[in-house]
Each structure stands twice: as C-alpha cells, then as structure tokens.
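Please read the structure below before turning to the comments.
What follows draws every value from the coordinates through simple rules; no lab data is involved. Not measured: the values here are computed from a predicted model. Cβ placement follows ideal geometry from the backbone for every residue including glycine, while neighbour counts extend to all protein chains displayed.
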C-alpha cells in the first residue's frame, strides 16, 4: 500500500495510506473541501504525491440595507 500525500502550493494538506491513489482530473473531497487532481507523481520509495487544486469557496454576503443599523 503506497503512502499518498496530497499537496497544494507546496504544502502537504493530507497524508493517507491508500490502496489505489486517485487519477488525474478526478474530483475528490479533502477535509470537506472540493478539489481536483492536477498531477500525480510516483516515487521509488512507495510514496505518491498528488497535486490538487481546491475550488474557491464563494460566500454569500447579504445586501447592505441602509435602513438597518449594525449592532
């Protein structure tokens, strides 16, 4: 079983023991965040580096009503 390290911007996000690493262009979910696999790199010592790109989280901001006061 290879050790799979999920990397984003040269930062290791998650390390797991998986029987089968994810393939390229696969949509995955890491720690509740949606991500897409951009590259998979295999090394000799049973370690697989999976480079991911997280989807941007869009927060809904309510429209500011000038009649309401901030508390």
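Note on residue 30 and residue 65: the extension gain reaches 8.9 nm, defined as 0.36 nm multiplied by sequence separation minus the Cα-Cα distance. Between 61, 25, 39, find the one with the highest GNM mean-square fluctuation for the chain; connect C-alpha pairs within less than 10 Å. Highest fluctuation of the listed residues: 61.
The relative contact order of region 3-54, computed from alpha carbon pairs under 8 Å that lie at least 6 residues apart in sequence, is 38 percent.
By the Stokes-Einstein formula, at 0.692 mPa s and 37 °C, region 3-54 with its Kirkwood radius over alpha-carbon pairs has D equal to 301 µm²/s. Peptide packing for 51-57, 40-46 was compared via the average number of neighbouring C-beta atoms within 10 Å per residue; ordered from the highest value, the list is 51-57, 40-46.
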